[in-house]
Amino acid sequence: MKNQKEKTKCQSNGAPSSKIPPSHGYKSSSYKKYFEGWDEQVVTLPNGKKRVRRTYTGDWYGQELPKARRLLLRAAYVLITLGSMILFGFLATRMIDSNTAGYVAAAQMVSIICFGWIIIALISYLTVKAKMTVGEYKSTPKQLKSATMATAVALGLCALGTVAHSLFVDMLPVKMLYALGYLVCAGMIFSVNRIENSITYLKLPDDSGLCGNGVGTKYHP
């Protein structure tokens with residue numbers, strides 16, 4: 001059973017401030033999602049300029065894993081992804097006629113795009129701190145799961161297209177080996193998705209005294 005711990009609120013302080021009025025312009029859904037859990041106020045600096053002060057007051061989240069296992073998990077994700085990318089690159093660049101079929105080539109192109117998505121998601125996953133804001137918690141693991149699922153499906157379509165070409169165009173046993181290779185790639189990426197789905201995330205207390213992990217207060221024009 002998950003043990004959720006109560007949060008500790010960060011207390012804002014500093015120059016006199018006022019809540020941002022609705023007309024300030026920060027209304028987009030993506031903006032609100034990114035800054036969910038942040039308290040926004042307009043403050044006047046000593047030089048007379050106004051700035052938006054954001055102080056994190058939301059919940060903190062983290063994986064229910066010790067540090068050593070978190071590092072091992074990230075290393076495994078990187079190695080599995082690299083292995084799948086290398087194998088996919090080998091298969092997709094072989095001079096066999098199934099690779100030149102439009103439906104196979106389209107699936108390969110989608111797979112390349114999805115691999116790029118995984119790279120972006122992994123960079124966020126690897127660089128996010130162990131203690132995450134609500135925005136980081138909702139975006140980082142979710143993005144990795146979405147990217148890996150999309151990539152696994154695209155690689156599966158590569159395998160399906162290769163099998164179809166072998167059955168209906170040119171029956172060559174070697175094509176089945178290539179189809180199997182694409183399935184291996186898909187399975188490797190899908191394993192990352194399944195592992196991440198099994199990870200438990202807990203609500204953590206803010207015990208740093210400085211809004212946790214040094215996030216604290218940020219000023220923006």
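Values computed for the structure shown
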| read-out | value |
| --- | --- |
| Positions within segment 100-153 being in contact (Cβ under 8 Å) with a residue 40 or more places away in the chain, under 21 Å from GLU64 (Cβ atoms) and small (Gly, Ala, Ser), in sequence order | ALA130, GLY135, SER139 |
| Total residues in segment 122-139, condition outside any strand (DSSP E or B), more than 26 Å from MET85 (Cα to Cα) and open to solvent by less than 60 Å² (accessible area, probe 1.4 Å) | 5 |
| The listed residue being under 18 Å from the mean Cα position of the chain (by Cα) and farther than 23 Å from ILE199 by Cβ, out of SER111, SER124, SER98 | SER111 |
| Of all residues in segment 174-221 being over 17 Å from ALA147 (Cβ atoms), among the hydrophobic types (A, V, I, L, M, F, W, C) and modelled with pLDDT of 85 or more, the one that is most open to solvent (accessible area, probe 1.4 Å) | LEU177 |
| From the options ASP97, ASP59, residue that is in contact (Cβ under 8 Å) with a residue 24 or more places away in the chain and in contact with a strand residue (DSSP E or B) (Cβ under 9 Å, 6 or more places away or on another chain) | ASP59 |
| Count of residues meeting criterion [more than 19 Å from THR133 (Cα to Cα) and at pLDDT 70 or above] in segment 26-51 | 10 |
| Qualifying positions in segment 141-173 - surrounded by fewer than 18 Cβ atoms within 10 Å (Cβ to Cβ) and among the hydroxyl-bearing types (Ser, Thr, Tyr) | SER146 |
| Verdict on GLY187 being part of a helix (DSSP H, G or I) and over 20 Å from GLN63 (Cα atoms) | yes |
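The values are calculated or read from the model by the stated rules, or taken from the named source; none is laboratory data. Fair warning: this is a prediction, and the values are worked out from it, not measured in the lab. Note that each Cβ is placed from the backbone with ideal geometry, even for glycine, and that neighbours are counted across all protein chains shown. Ligands, DNA and RNA are excluded from the accessible area calculation, which covers all protein heavy atoms including side chains. Shrake-Rupley method; radii C 1.70, N 1.55, O 1.52, S 1.80 Å.
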